[in-house]
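**Student:** Have a look at this one.
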Amino acid sequence: MSEERLYWNMQIEPFLNTPQMKDLQLEKLKIMLKRHYANSPFNRKRLQEAGIDIAKIDGWAGTVEDLLKGIPVYDKQGYRDHVEACGGDLVKLMEEELPVSVDELVLVNSTTGTTGEPTPYPLTMKDIFDVWGETMCRGLWRGGLRRHDRVLHCFALSMVIAGTGTVLGLTKTGAMVIPVGAEGGTDRIFSMTKYFKPTVFMGTPSLATYMIEKAPEKIGMDAKALGIKLLACGGEPGAGVPELRKRLEESFGAKLLDIGAGFGVSCDHPEYQGMHWLGDDLCIYELVDPDTREPVPLKDGARGEAVFTNIEGDGWSWLRTSLGDIHEVSMSPCPCGKSGFRYRIVGRTDDMLKVKGVIVYPAAVTGLLESFAPRVTGEFRIVLTERPPMVVPPLKIKIERGVDTPEEKLGELEKELLEAFHTKMKIRPKIIWQDPGELERSTYKGKKFEKQYE
Ligand SMILES: [Zn+2]
C-alpha cells in the first residue's frame with residue numbers, strides 16, 4: 001500500500017461519523033452483548049438490570065444509543081465496589097467482568113494503585129494489535145508517522161494502556177519503537193535520544209515541557225536540536241491547551257498530536273480542533289450528564305461525561321465505562337478535512353472544583369498561565385484545604401514566577417493575572433508566589449493540587 005495514502009485504514013476511516021458506521025456499530029454491538037451475556041457474570045447482571053432480552057436482541061431495530069441507555073454507567077466507584085465484592089482478588093474480578101477467560105490474556109497493564117486499588121488493562125493479542133495498535137496506526141499516520149520513523153516511548157511503561165500496551169501496539173505501524181519509559185528518568189531519555197536519533201517523542205505534555213527546561217543543561221542546546229519532528233502527547237489534558245501547544249511545537253520545532261482519553265487524535269489544523277474520534281468500528285462513544293447519567297445527545301458544543309462501549313476486543317471490553325473525563329464534542333466536519341467527529345477534554349469529574357457556583361477545571365488554569373509564559377514558568381498548585389469539589393473562595397493558587405521575572409515586578413504581573421482569571425474563568429483567586437523551580441516536577445503526570453486536608 002502507498003505510503004502517500006490519506007488514511008492508514010482506507011476501508012474504515014473515510015466513513016467515520018456516517019450513517020453507514022451506525023449500521024456496523026449496531027451489528028457489532030449485538031455480537032458483543034451476546035458475548036458478555038454468555039461469558040461475563042458481572043455484565044450479564046448489568047444487562048438483565050437494564051431489561052435487555054438477549055434472546056430477542058438480533059431482532060432489535062432501534063438505535064445503538066437506545067439499546068445501551070438502560071445499562072448503568074460503570075465508573076471508578078463501581079469498580080471499587082466490585083473490587084471489594086471480589087475481596088481484592090483482581091484475577092477473580094477480571095474473570096467475572098471479561099467476555100474471555102483470563103487464560104487468554106497475554107498482557108495486563110495497570111495503574112500503580114498508590115491512591116487505591118490498581119486498575120488493570122487486560123489485553124489479548126487481538127486487543128494489542130487489532131484494537132489499540134490499529135488506533136495508534138490510524139492516529140500517528142495522520143500525524144505523518146511512517147515506517148522509517150523512530151519512536152522514543154516515554155510514557156510510564158507500567159501505566160495503563162499508554163505503557164507496554166502502546167509499545168507493542170505501535171510495532172504494527174512498522175516504525176522502530178525505543179521504549180525508555182518515564183521511569184527511565186530524563187538523563188536516560190536524553191542519552192537514548194543522542195544514540196538512536198528518534199524522530200517521534202511519545203509521553204506526557206508535562207514531561208515534554210520538562211525536557212524543554214532541561215535541554216540546555218543536559219545537552220548544551222535547546223530542545224530543537226533533538227531532531228524530533230512529531231510529539232505524540234497524552235495522559236493529561238495539556239496537549240489540548242492552545243498556549244501549551246504553541247510552546248511545545250515552537251520549542252521542539254515539531255508537530256504536536258494530542259492523543260488518548262479514548263480512541264482519538266488531534267489534527268494538524270493550525271488552531272486546535274480537539275481530537276478526531278477514530279474508532280467508530282471499535283468502540284461506541286456516548287456522553288452522559290455527570291450528575292444524572294442521562295444521555296446527552298451528540299451535537300456541536302454538547303458537554304458531558306464520556307462513556308465507552310467496546311464493540312471489538314476481548315480483555316479490553318468496556319461496557320458503558322467512564323474514565324471520569326468530561327468532554328465537549330463537535331459533530332460538524334473539521335476544517336482540516338479529515339474524518340471523525342471531534343472531542344476535547346474539558347476536565348475530569350474528580351478534578352472539578354466549584355467556587356461560588358463557578359465550575360473550575362485545573363486544565364483551564366494551565367491554559368491561562370501558559371499565555372503568561374515566560375513571565376511565569378507555567379507550574380502551579382491549587383491549594384485545597386477541604387475535600388473538593390466545593391471551595392470556599394478565594395481559590396488559592398501557588399504560581400511560580402519566571403526565571404527572568406524579578407520580585408519587584410510581581411505586583412504588576414499579579415494585577416494582570418487576576419484580571420485574566422476574572423475575564424476568562426470568572427474567579428478571583430489568591431495568588432501565592434513561588435520561586436522558579438520551587439514546585440516539585442513530575443515526569444509522569446503534572447500534579448495540579450496540594451491537598452492540605454489529607
Ligand atoms: Zn481536524
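Taken together, the values in this text are just the output of simple stated rules run on the coordinates, not laboratory data. Remember, predicted model here, so these are calculated numbers, not experimental data. Positions of Cβ are backbone-derived with ideal geometry, glycine not excepted, and every protein chain shown enters the neighbour counts.
**Student:** Which value, in debye to the nearest 20, gives the size of the charge dipole of segment 6-143 about its Cα centre, when Lys and Arg are +1 and Asp and Glu are -1 at the Cβ? Please report the intermediate quantities before stating the final value.
**Tutor:** On the way: 16 positive and 21 negative charges, 61 e Å.
About 300 debye.
**Student:** Still on this structure: Using the Cα centre as the reference, give the magnitude of the dipole from point charges on the C-beta atoms of the chain (Lys, Arg: +1; Asp, Glu: -1; all else neutral), rounded to the nearest 20 debye.
**Tutor:** Working: 59 positive and 66 negative charges, 122 e Å.
Magnitude of the dipole: close to 580 debye.
**Student:** Here's something else I'd like to know. If R0 is 35 Å, what FRET efficiency do you get for residue 2 and residue 125 from their C-beta distance, rounded to 0.05?
**Tutor:** Numbers: r = 27 Å, r/R0 = 0.78.
Calculated value: 0.80.
**Student:** Can you tell me the Rg and the Dmax, both Å, for the Cα atoms in the chain?
**Tutor:** Rg then Dmax for the chain, in Å: 22.3, 74.
**Student:** Hey, which lysines would be in cross-link range of residue 197, C-alpha to C-alpha under 19 Å, not counting anything within fewer than 8 residues on its own chain?
**Tutor:** The qualifying lysines are 214, 218, 224, 229, 255.
**Student:** Could you give the length gained by full extension between residue 387 and residue 430, i.e. 0.36 nm per residue of separation minus their alpha carbon distance, to one decimal place?
**Tutor:** Value of the extension gain: 13.7 nm.
**Student:** Then there's this: Taking only DSSP H segments of four or more residues, each worth -39500 (n - 2.57), what value at 222 nm results for the chain once the sum is divided by all its residues, to the nearest 500 deg cm²/dmol? Before the final figure, lay out the partial values.
**Tutor:** Numbers: 12 runs with 125 residues, N = 454.
Helix-only estimate at 222 nm: -8000 deg cm²/dmol.
**Student:** On a straight-distance basis, which lysines could pair with residue 56 in a cross-link, Cα separation under 26 angstrom, same-chain partners fewer than 8 positions away excluded?
**Tutor:** Cross-link targets: 22, 28, 30, 34, 45, 69.
**Student:** Positive end of the charge dipole of segment 353-451 (Lys, Arg +1 and Asp, Glu -1 on Cβ, about the Cα centre): tell me which of 374, 433, 423 has its Cα farthest that way.
**Tutor:** It is 423.
**Student:** For segment 353-451, compute Rh as the Kirkwood radius over C-alpha pairs and then the Stokes-Einstein diffusion coefficient at 37 °C and 0.692 mPa s; write the answer in µm²/s, rounded to an integer. Show your work: numbers first, answer last.
**Tutor:** Numbers: Rh = 13.7 Å.
Translational diffusion coefficient: 239 µm²/s.
**Student:** Could you line up 54, 345, 31 from fewest to most neighbouring Cβ atoms inside 10 Å?
**Tutor:** Details: 54 15, 345 26, 31 12.
Starting with the residue having the fewest Cβ neighbours, the order is 31, 54, 345.
**Student:** If you take every residue apart from residue 188 with its C-beta less than 13 Å away from the C-beta of residue 188, what net charge results, scoring Lys and Arg +1 and Asp and Glu -1? If you can, show how the numbers build up before the last one.
**Tutor:** On the way: positive: 194, 214, 218; negative: 183, 187.
Summing Lys and Arg as +1 and Asp and Glu as -1 gives +1.
**Student:** Quick one: plug the Kirkwood hydrodynamic radius of segment 175-220 (C-alpha pairs) into Stokes-Einstein at 20 °C, 1.002 mPa s, and report D in µm²/s. All intermediate terms of the calculation are to be shown ahead of the outcome.
**Tutor:** Working: Rh = 11.0 Å.
Calculated translational D: 194 µm²/s.
**Student:** Among 189, 431, rank each residue by its count of other Cβ atoms within 10 Å, from fewest to most, as a rough exposure measure.
**Tutor:** Numbers: 189 25, 431 19.
Taking fewest neighbouring Cβ atoms as first place, the list is 431, 189.
**Student:** Find the relative contact order for segment 18-87 and round it to a whole percent, using C-alpha pairs within less than 8 Å whose residues are 6+ positions apart. Each step should come with its number before you reach the end.
**Tutor:** Details: 25 pairs, mean separation 21.7, N = 70.
With pairs under 8 Å counted, the relative contact order is 31 percent.
**Student:** For residue 58 and residue 222, compute 0.36 nm times the residue count separating them, minus their Cα-Cα distance, and round to one decimal in nm.
**Tutor:** Numbers: separation 164, 0.36 × 164 = 59.04 nm, distance 5.97 nm.
Length difference between fully extended and current span is 53.1 nm.
**Student:** Here is a follow-up. Taking 1 over the mean of 1/r across every pair of different Cα atoms in segment 300-387, what Kirkwood radius in Å do you get?
**Tutor:** It works out to 15.9 Å.
**Student:** Right, another one. What translational diffusion coefficient, to the nearest whole µm²/s, does segment 394-454 have by Stokes-Einstein, given a Kirkwood radius computed over alpha-carbon pairs, a temperature of 10 °C and 1.306 mPa s viscosity?
**Tutor:** Working: Rh = 13.1 Å.
For the chosen part, D equals 121 µm²/s.
**Student:** Using the number of other C-beta atoms within 10 angstrom as an exposure proxy, rank 348, 80 with the fewest first. If you can, show how the numbers build up before the last one.
**Tutor:** Numbers: 348 19, 80 13.
If I rank by nearby Cβ atoms, fewest first, I get 80, 348.
**Student:** Using the C-alpha atoms of segment 191-287, what convex hull volume per residue, in cubic angstrom, is computed? All intermediate terms of the calculation are to be shown ahead of the outcome.
**Tutor:** Details: hull volume 9.9 nm³, N = 97.
Here the figure is 102 Å³ per residue.
**Student:** Sticking with this structure for a sec: At a Förster radius of 45 Å, what calculated FRET efficiency corresponds to the Cβ-Cβ distance of residue 412 and residue 84, to the nearest 0.05? Let's see the in-between values first.
**Tutor:** On the way: r = 54 Å, r/R0 = 1.19.
For R0 = 45 Å, the calculated efficiency reads 0.25.
**Student:** Quick one: what do you get for segment 225-363 if you divide its Cα Rg by 2.2 N^0.38 Å? If you can, show how the numbers build up before the last one.
**Tutor:** On the way: Rg = 15.7 Å, N = 139, 2.2 N^0.38 = 14.3 Å.
In units of the globular-protein estimate, segment 225-363 measures up at 1.09.
**Student:** Take the Cα atoms of segment 265-321, build their convex hull, and give its volume per residue in Å³. Kindly include the intermediate steps, with their values, before the conclusion.
**Tutor:** Values: hull volume 5.7 nm³, N = 57.
Value for segment 265-321: 99 Å³ per residue.
**Student:** About the Cα centre of segment 353-451, what is the dipole size in debye to 20, counting +1 per Lys and Arg Cβ and -1 per Asp and Glu Cβ, all else neutral?
**Tutor:** On the way: 19 positive and 15 negative charges, 144 e Å.
Computed charge dipole of segment 353-451: roughly 700 debye.
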